[in-house]
Structure formats: C-alpha cells, structure tokens
Amino acid sequence: MLRLISYLFLAPLSTAAGIIKEYLATATQSKMVDFAIYLRPKLCADEAEAAERLLDLRRAAPELSANHTDMEALVEGPITVSIETKREESSSAHEANLQIGTWQAAQWKMLARQAADVHGSLLDLEFLPCLIVYGHEWYFAASSREGNKTVRVFLCLHRPPPTYTSYAC
C-alpha cells in the first residue's frame with residue numbers, strides 16, 4: 001500500500017474543464033468537482049503493462065482521456081478519488097451532493113463504456129470513493145451502480161478535533 005501512495009497525485013480542477021459530453025446524462029449540465037486524486041501508472045517501473053493498456057483505452061476514448069473529463073492534468077491517469085468542497089456559510093449540502101453525483105455518474109458511464117470496449121464488466125468494481133468537505137465536516141461517500149443507475153451511500157462523517165492554543169509560561 002505504501003508504494004501505491006507514491007504514484008497518486010492531487011489535481012485542483014479548473015472550471016474551464018468539463019465533463020466530456022459523451023459521458024453526460026441527457027439534459028444534465030456539466031458539474032465539476034474541486035479536486036481529484038489520480039493514479040499515474042506510467043511512473044511505476046513494474047506497471048508497464050498497465051500503462052500500455054491504459055494508453056490503448058485512451059486512444060479509443062473521446063478527447064483521448066483516461067477519464068470522463070477533458071482537463072489536461074487528468075487525461076493520462078485514472079481518477080481514484082473525487083473531492084468536492086463547499087464553504088459552510090455559502091453553499092448547501094444539496095449542491096455538493098448534486099455536483100459529486102453528476103460527476104460520478106459520468107465517471108460510471110465512462111467506465112461502463114471502457115469495460116464494454118474490452119468485453120469486460122464492472123461487476124468487481126463495488127464503488128467509486130469521494131470526499132465531500134462541507135465547512136469543517138468531512139464526509140466520505142461512495143457511489144455504486146445498480147444496473148445503469150448510480151446510487152450514493154454516505155458512509156462516514158469526520159469532524160476534526162477542537163483546536164487549542166498553547167501559551168508558553
């Protein structure tokens with residue numbers, strides 16, 4: 001597990017990047033998340049075969065992207081965790097859920113298309129993880145599929161411990 005962490009990267013997303021139209025549900029507006037953690041298998045010396053397979057998938061994909069977005073930083077490596085942030089006082093939890101839900105529904109659609117292209121299936125992929133940071137509360141959430149429908153289940157809420165100020169005497 002520790003070796004894998006050195007191949008994960010955090011990308012802040014731009015509002016200029018969007019969901020590739022082939023992966024959007026009809027009549028759905030593109031919704032971006034704020035950050036994505038992605039994997040760069042080509043950096044793994046012993047992952048040459050995985051990197052080559054990923055390149056083959058990208059060659060057949062819209063925008064030559066390994067993901068459901070056309071953002072340059074994310075076209076080469078698959079997204080492992082999506083992160084949506086909202087200020088407690090300025091946004092609603094409903095808006096954050098809508099953004100991450102739209103984002104991950106497009107990701108599931110892209111993964112289903114890629115699996116079909118190689119005569120595979122998504123049966124072994126149980127969920128896609130995401131984080132929703134709402135003010136000071138961190139939610140771990142996961143979306144899964146039931147047929148062609150994306151379903152979200154909130155699994156955990158983390159409230160940071162209170163902060164203390166220490167003074168030298």
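The values are calculated or read from the model by the stated rules, or taken from the named source; none is laboratory data. Everything numeric here is computed off the predicted structure, so don't read it as measured data. Every residue, glycine as well, gets a Cβ built from its backbone with ideal geometry; the counts of neighbours run over all protein chains shown.
How many of the residues in region 92-126 are under 18 Å from Y23 (Cα atoms) and of a type outside the set (V, I, T)? Please lay out each step first, then the result.
If we filter region 92-126 for residues that are under 18 Å from Y23 (Cα atoms), which is where we start, we get 98-118, 121-122.
Narrowing the set further to residues that are of a type outside the set (V, I, T) leaves 98-99, 101, 103-117, 121-122.
Final tally of qualifying residues: 20.
When restricted to residues that are among the small types (G, A, S) and either more than 27 Å from L55 (Cα to Cα) or crowded, with 17+ Cβ neighbours inside 10 Å (or both), region 98-124 contains 4. Of all residues in region 120-157, those satisfying the criterion of being at pLDDT below 85 and outside any strand (DSSP E or B) are G135, H136, G147, N148.
Name the single residue that is surrounded by the most Cβ atoms within 10 Å (Cβ to Cβ) among those in region 75-97 being touching a residue at least 24 places away in the same chain (Cβ under 8 Å) and assigned to a helix (DSSP H, G or I).
Pass one, region 75-97, residues touching a residue at least 24 places away in the same chain (Cβ under 8 Å): 76-89, 91, 93, 96-97.
From what is left, the residues that are assigned to a helix (DSSP H, G or I) are 93, 96-97.
Details: A93: 14, A96: 20, N97: 18.
Here the residue is A96.
Going through (1) more than 16 Å from the chain's Cα centre (by Cα); (2) modelled with pLDDT under 85 one by one, S30 falls short only on (1).
The residue pairs whose first member lies in region 62-74 and is free of Cβ contacts under 8 Å to residues at least 12 places away in the same chain, whose second member is assigned to a helix (DSSP H, G or I) and crowded, with 16+ Cβ neighbours inside 10 Å, and whose beta carbons are closer than 6 Å, counting only pairs six or more residues apart or on different chains, are L64/R58. Evaluate region 61-70: report whether one residue or more is outside any strand (DSSP E or B) and at pLDDT below 85. Within region 61-70 (the criterion being outside any strand (DSSP E or B) and at pLDDT below 85), the answer is no, since none of the residues qualifies.
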